[in-house]
Amino acid sequence: MADRDVRAAAAAAKARSPEDGHDHGASCSPSCAAHAHEGSLGAIDRTALVSARGLGFQRNGRDLLDGIDLDIRKREIVMLIGPNGAGKTMLVRLLLGLETPDRGEVWRREGLRIGYVPQRFDVDSVIPMTVERFLRLGGDASLARIETILDEVGAGRTRHQQLSQLSGGELQRVVLARALLRDPDLLVLDEPVQGVDYTGEAELYNLIARLRDKRGFGVLLVSHDLHIVMARSDRVVCLNRHVCCSGVPETVAQHPAYARLFGAEAARAFAVYRLHHDHSHDIAGAARSADETAASAQGAPKGNERA
Amino acid sequence: MLEPFFLRAVVAGLALAVVAAPLGCFVIWQRMAYFGETVAQASLIGVALSLALRLDITFGVIVIAVAVAFLLLWFSRQQVVAVDSILGLLHHAALATGVIAVSMLKGPPVDLVGFLFGDVFAVTTSDIAWIMVGGAAVLGAVAWLWQPLLRLAVHEDLAAAEGIDHRRVRAIFTILLAVTIAVAMKIVGVLLVMAFLVVPAVAARPFAGTPERMVLLTAILAGAGVLLGLSLSATIDAPGGPAVVIVMSIAAALSLTAASVMRRP
């Protein structure tokens, strides 16, 4: 699990500040609030699906992103977390080639098929479009496959509805279905749990992990929800204009840089979804749905105190 | 009533109705009505230029329309002022420039009103040839690019992430729109050409469940608008282009009324 770039970054961090080095998979720059850089991972990794080195992006003379190194490999679930304004969506846009970096390089494997679920999918009711037609736009999928995938993401009922009639959660699932229908090598989900209720969130993470096991694509998952990190992610990358920490979920939360970035409170509140076990360590801030009791009754993670 | 000039007007109008239908739909799907309006009004400059240089007017207008369209695309890349504000400003400037340019031409007086509102009954066989050839090229290109165009119209970032070359597709669409405007200008004039594209599409929208059906319905409504409008024009001796636009607008008003009524519980 501690793949090469984590080890390399960890080694680099260690070299800079020995007391900050961790051997169990997490690597963090010594000071996150200040401008500290990860040790460079060296050249572009051409065995990865996507590899980025030294990415920098400016807007109006201000650095939105600086010195970002990131690799996403086959079968790997990388979770990108960070506070609002950390540049998560911009990093995704750079990795996807929707924006051109001011510095650094993004390399995508030749012929890489990307399934993308953007942060906001504003449907314009001006264009008439049924769910089924929308799904066929992404590629030439058979009707039977469309039905299967829609059922899989839990949006089977929407098939003949107009996109503009869907709720936020339904729309998110439909866009996910389109991404999956493309048989992606890399699935990129920007804040996929927005507009999804509490139970739905756990289900969604579970589904993504299950599909990854089955199909072996790489996953880049973005979240601003600092407290909930998918237990099945192979690597968590904390971003605040630069990469602050990266490593396996359990260790990143214990890291001083994580506490500095998100506050001690947040570090304690860090929860790891144990999707196959019926418990989690969620303490605060995760609850967003009024149906929390119902969610608990259905075996979703418990422990929210905010209701 | 079926004089040759009337027949020519009907043929040109119907052909244009079919060509304009997919373009009109994409214009409203992508909220480009103001963009088209600006290109259309700038094409009067093309008229003046063609007359001054003794070029074919349609050709001159196409050149200017394409140039202006790309200039606008380039303008819209800045992110300081909203694009519709810029367009709202520029289309007046373009019209003013065009009117002055036409008025400054030496030689025989130019029928400015004809260019502003179109002169459908003055359509010549060579105009019809332009419409047929240009129209076939535009329709062929739209059919070829249908899927990527639609994907871009639904969600540009999603399409781009999925590997659509959005800059190229958008550039081609811009050229197609400019060519359609230039060809249609002859019939409905620079001031009404966007109505010819947009109004039937608006009328079709409430009754279409898929993009393809919307285009089909737009073409049918536009064709009916041309037939009814030209008949009306012949009956009450009104100018052809405005009569067609009036009929289309009534259809759109009825359609939107019906849509509002249907939405009410």
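The values are calculated or read from the model by the stated rules, or taken from the named source; none is laboratory data. Everything numeric here is computed off the predicted structure, so don't read it as measured data. Every residue, glycine as well, gets a Cβ built from its backbone with ideal geometry; the counts of neighbours run over all protein chains shown.
Values as computed for the structure displayed
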quantity: Exclusive hit being β-branched (Val, Ile, Thr), modelled with pLDDT under 95 and out of contact with any Gly (no Cβ under 7 Å at 6 or more places or on another chain), set B:ILE181, B:ILE175, B:ILE220, B:ILE187; calculated: B:ILE175
quantity: Within region A:228-286, considering residues that are under 20 Å from the mean Cα position of the chain (by Cα) and among the acidic types (Asp, Glu), the one modelled with the lowest pLDDT; calculated: A:ASP282
quantity: Filter result (surrounded by fewer than 16 Cβ atoms within 10 Å (Cβ to Cβ) and closer than 18 Å to A:VAL106 by Cβ) within region A:55-80; calculated: A:GLN58, A:ARG59, A:LYS74
quantity: Leading residue by the ranking (modelled with the highest pLDDT) among those in region A:111-151 that are closer than 22 Å to B:ALA160 by Cβ and acidic (Asp, Glu); calculated: A:ASP122
quantity: Hits in region B:93-112 - residues which are assigned to a helix (DSSP H, G or I) and surrounded by 12 or more Cβ atoms within 10 Å (Cβ to Cβ); calculated: B:ALA93, B:ALA94, B:LEU95, B:ALA96, B:THR97, B:GLY98, B:VAL99, B:ILE100, B:ALA101, B:VAL102, B:LEU112
quantity: Region A:81-98: number of residues that are surrounded by fewer than 18 Cβ atoms within 10 Å (Cβ to Cβ) and more than 14 Å from every other protein chain (Cβ to nearest Cβ); calculated: 3
quantity: B:ARG31 charged (D, E, K, R) and under 26 Å from B:ALA201 (Cα atoms); calculated: yes
quantity: Criterion (among the small types (Gly, Ala, Ser) and under 19 Å from the mean Cα position of the chain (by Cα)) met by exactly one of B:ALA160, B:ALA219; calculated: B:ALA219
quantity: Looking only at region B:129-163, and only at residues there that are surrounded by 18 or more Cβ atoms within 10 Å (Cβ to Cβ) and β-branched (Val, Ile, Thr), the one that is nearest to the other protein chains (Cβ to nearest Cβ); calculated: B:VAL154
quantity: Matching option when the condition is crowded, with 16+ Cβ neighbours inside 10 Å, modelled with pLDDT under 95 and either within 13 Å of chain A (Cβ to nearest Cβ) or closer than 30 Å to A:ARG159 by Cβ (or both), among B:ALA234, B:ALA208; calculated: B:ALA208
quantity: Residues of region A:49-73 classified as under 17 Å from the mean Cα position of the chain (by Cα) and not in a strand (DSSP E or B), total; calculated: 2
quantity: All positions within region A:137-149 that are of a type in the set (Ser, Thr, Tyr) and in a loop (DSSP other than H, G, I, E, B); calculated: A:SER142
quantity: Flag if A:PRO101 is more than 18 Å from the chain's Cα centre (by Cα) and over 20 Å from A:GLU170 (Cα atoms); calculated: yes
quantity: Filtered residue count, region B:116-155, keeping only those that are under 18 Å from the mean Cα position of the chain (by Cα), over 20 Å from B:LEU177 (Cβ atoms) and either among the hydroxyl-bearing types (Ser, Thr, Tyr) or assigned to a loop (DSSP other than H, G, I, E, B) (or both); calculated: 2
quantity: Residue within region B:170-189 that is of a type in the set (Phe, Trp, Tyr), more than 14 Å from chain A (Cβ to nearest Cβ) and either surrounded by 24 or more Cβ atoms within 10 Å (Cβ to Cβ) or part of a helix (DSSP H, G or I) (or both) present; calculated: yes
quantity: Scan of region A:74-102 for residues that are within 12 Å of A:GLY218 (Cβ to Cβ) and in contact with a Gly (Cβ under 6 Å, 6 or more places away or on another chain), ordered by number; calculated: A:LYS74, A:ARG75, A:GLU76
quantity: Those residues of region A:99-128 which are among the basic types (Lys, Arg) and within 12 Å of chain B (Cβ to nearest Cβ), in sequence order; calculated: A:ARG108, A:ARG113, A:ARG120
quantity: Qualifying residue in region A:157-174 (condition: under 24 Å from B:ASP157 (Cβ atoms), modelled with pLDDT of 90 or more, within 21 Å of the chain's Cα centre (by Cα) and of a type in the set (A, V, I, L, M, F, W, C)); calculated: yes
quantity: Of all residues in region B:125-135 being without any contact (Cβ under 8 Å) to a residue 60 or more places away in the chain and aliphatic (A, V, I, L, M), the one that is nearest to B:PRO4 (Cα to Cα); calculated: B:ALA129
quantity: Residue match in region A:140-150 (condition: buried (at least 18 other Cβ atoms within 10 Å of the Cβ) and in contact with a His (Cβ under 9 Å, 6 or more places away or on another chain)); calculated: no
quantity: Among residues of region A:124-135, those that are of a type in the set (D, E, K, R) and buried (at least 18 other Cβ atoms within 10 Å of the Cβ), counted; calculated: 2
quantity: Tally, over region A:150-184, of residues that are in a loop (DSSP other than H, G, I, E, B) and within 14 Å of another protein chain (Cβ to nearest Cβ); calculated: 7
